[in-house]
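In what follows, a structure is listed as structure tokens, so that the remarks can point back to it.
The values are calculated or read from the model by the stated rules, or taken from the named source; none is laboratory data. Just so it is clear, the structure is predicted and the values come from calculations on it, not from any experiment. Cβ: placed from backbone, ideal geometry, glycine included. Neighbour counts: every protein chain shown.
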Amino acid sequence: MMKNLAIILLVVLGFTSCKDDEEEMFTSIQVNLEFAHVLNGEALELDGKAYTLPSGETFTPSKFKYYISNITFEDSQSGSTYTLADGYYLIDEAGKKEITFEVPVGNYDKLSYYVGIDKERNLSTDQVGDLDPNNDMVWSWKTGYKFLVLEGEWEYESSDRRGLVIHIGNNDPETEVNFKEFSFDLSSEGLTLGSEAMVDLDIEAEISSLFTGESDLVVHELESTSIMGGPLAISVANNYQQSLFSIK
């Protein structure tokens, strides 16, 4: 009799254990990407706080926003990847700075995304959501989106306050020259996706990277401080591709 009871108890315990394991299994991972913006390591504040640019100018920012798109996670061991479909997100210091989405379960150790809009979507402004033209991120004089916008006022030594306008988009949509990719090795940051049903990733954007890198941008020496295309826009995009983002 005791032997039979022991067998029944083992069966019940085994069933309960299997049930618990099934309850712990998940088929997707919720990812929360949260962006923080800094200038020279100081938290960004709009319309009030003054910062010093790398070339010495005093700068008071009034606007900073950009598009994140084509978010992709990769498992470098298996080579499998997952890219968010229709993943176009406007990150705005004055608005949304966090995005949440789900990816299929996998042991992802690499993350990549682009700043900007790919050619297919960039050539059409008939969009909704974050691509809605009413978000003030389309060009008024041609088809296409602004990928990154920084605006504010600056002064240098005894000069008068002047406006600084940096609007980066594609100079040539066919080449996607300013459509920039950013890649992160999550494992080197002690992060991997796959063991938990929800993951928070904190990403910091350092605005000074627009002004230094491949080509230093000395604002007070510029003929015009409205950068909306041409070689200067390419230089700014090449600069920030090197060190705009880091995982914290």
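In segment 101-123, how many are assigned to a strand (DSSP E or B) and under 19 Å from residue 192 (Cβ atoms)?
9
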Kindly list, by first and then second residue, each pair from a residue in segment 72-94 that is in contact (Cβ under 8 Å) with a residue 60 or more places away in the chain and surrounded by fewer than 18 Cβ atoms within 10 Å (Cβ to Cβ) to a residue that is in a strand (DSSP E or B) and β-branched (Val, Ile, Thr), limited to pairs with Cβ atoms under 7 Å and residues at least 6 apart or on different chains.
none
Can you pull out every residue in segment 23-68 that is among the aromatic types (Phe, Trp, Tyr), over 16 Å from residue 89 (Cβ atoms) and surrounded by 15 or more Cβ atoms within 10 Å (Cβ to Cβ)?
51, 59
Go through the residues of segment 67-90 one by one and say whether even a single one is small (Gly, Ala, Ser), at pLDDT below 95 and part of a strand (DSSP E or B).
no
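Quick one: is residue 175 over 17 Å from the mean Cα position of the chain (by Cα), over 30 Å from residue 81 (Cβ atoms) and in a loop (DSSP other than H, G, I, E, B)?
Values: over 17 Å from the mean Cα position of the chain (by Cα): yes; over 30 Å from residue 81 (Cβ atoms): no; in a loop (DSSP other than H, G, I, E, B): yes.
Answer is no for this residue.
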Does residue 181 fit the bill of being of a type outside the set (A, V, I, L, M), part of a strand (DSSP E or B), in contact with a strand residue (DSSP E or B) (Cβ under 8 Å, 6 or more places away or on another chain) and more than 13 Å from residue 68 (Cβ to Cβ)?
no
